[in-house]
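A short reminder: the numbers here are calculations on the coordinates, not readings from a lab. Remember, it's a predicted structure, so these values are computed and weren't measured experimentally. Every residue, glycine as well, gets a Cβ built from its backbone with ideal geometry; the counts of neighbours run over all protein chains shown.
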Amino acid sequence: MDLSIVIPAYNEEHKISRDLEAALAFLDAYSLRGEILVVDDGSKDNTIQRVQEFPQVTLLEYGRNRGKGYATRYGIARTQGNCVMFADAGLCVPYELALVGMTYIRHNMCDIAVGNRRISGSRLEGQRFYRRVGTWLNSLMVRGLMGIPWYLNDTQCGFKMFRGTVARQIYGEMITDRMMADIEMLLRSHRAGHRIMNFAVPWTADLDTRFNPLWGQLNNFAELAKIKRMLWKAGK
């Protein structure tokens, strides 16, 4: 199988249909053998019903809200593709950009290809001020305390590609359930010697976000502290 697409979803009834239509059209347009897995993270709206309208899509659910990180690793553990990607709901990046990451991986240029909104060739539209502030705070915490390599300056972009075996290995080891799972993934991958590359993406911000600017940021700091303790106990 060429590509597995994992979409974590929480209360996405108003946009998940558009995501799935775009993902299916992408696979068809480029004749890719693929699968689409939507992981419902305990939605309280009609997200599940919307997904069930697409018989080509695999719906995964576990009944309660566990967090984006948990949903992503739950989905990735069940993928079969030679390449694996996860994409945020909301169609912030056109699926055609996945071809860039797939090309890097297929030509053995890297093991992980990370969409980056801050490098030359990228474009960022519509991001609210508080999200910009939150991104800046996260960047300070991550760069100052976590030891993320300098070139990985957009850790939270929800458009990432992996060699399938690497994705299933790394996510199978992870423990972070919520937004900072990307940090744990990048740290584990870097320390394991996996090659990581950035690629530029045009990003249109999804204003229908589930992120709470106060509690969300406090949860982020708590998760970063948990990751730091985990690495310290592991002697890394």
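With N denoting the number of residues in the stretch 1-50, provide Rg(C-alpha) divided by 2.2 N^0.38 Å, to two decimal places.
Details: Rg = 11.6 Å, N = 50, 2.2 N^0.38 = 9.7 Å.
Against the empirical 2.2 N^0.38 Å value, I get 1.20 for the stretch 1-50.
For a footprinting-style exposure proxy, rank THR165, THR47, THR204 by other Cβ within 10 Å, fewest first.
Arranged by neighbour count, lowest to highest, THR165, THR47, THR204 become THR165, THR204, THR47.
Could you compute the FRET efficiency for ASN153 and ARG106, with r as their C-beta to C-beta distance and R0 at 25 Å, rounded to 0.05?
0.50
At a threshold of 8 angstrom on Cα-Cα distance, excluding pairs fewer than six apart, so keeping six or more, what relative contact order does the stretch 3-233 reach in percent?
On the way: 402 pairs, mean separation 56.8, N = 231.
About 25 percent, as a whole number.
Once Rh is set to the Kirkwood radius over Cα pairs, what Stokes-Einstein translational diffusion coefficient, in µm²/s, holds for the chain at a temperature of 4 °C and a viscosity of 1.567 mPa s? Numbers along the way, then the final one.
Numbers: Rh = 17.9 Å.
D = 72 µm²/s.
Separation between the GLU13 and ARG64 pseudo-spin-labels, each 7 Å from Cα along Cα→Cβ, expressed in nm?
2.2 nm
How long is the gain from ASP2 to THR204 if the chain were fully straight, where each residue apart is worth 0.36 nm and the alpha carbon distance is subtracted?
70.1 nm
Looking at ASN219, THR204, GLY63, which one has the Cα that reaches farthest to the positive end of the dipole of the chain (charges on Cβ: Lys, Arg +1; Asp, Glu -1)?
ASN219
If you take the beta carbon distance between GLN80 and ALA22 as r and set R0 to 25 Å, what does 1/(1 + (r/R0)^6) give as a FRET efficiency, to the nearest 0.05?
On the way: r = 21 Å, r/R0 = 0.85.
With a Förster radius of 25 Å, E is 0.75.
Just from its helices, what would the mean residue ellipticity at 222 nm be for the chain, if runs of 4 or more DSSP H residues each count -39500 (n - 2.57) and the sum is divided by every residue, rounded to the nearest 500 deg cm²/dmol?
It comes out at -11500 deg cm²/dmol, rounded to the nearest 500.
Ranked highest first by average number of other Cβ atoms within 10 Å, how do 101-111, 152-162 line up? Could the numbers behind the result be given before it?
Numbers: 101-111: 16.9, 152-162: 21.8.
Ranking, from highest mean packing down: 152-162, 101-111.
Could you tell me the distance between the Cα centroids of the stretch 17-60 and the stretch 94-116, to the nearest Å?
21 Å
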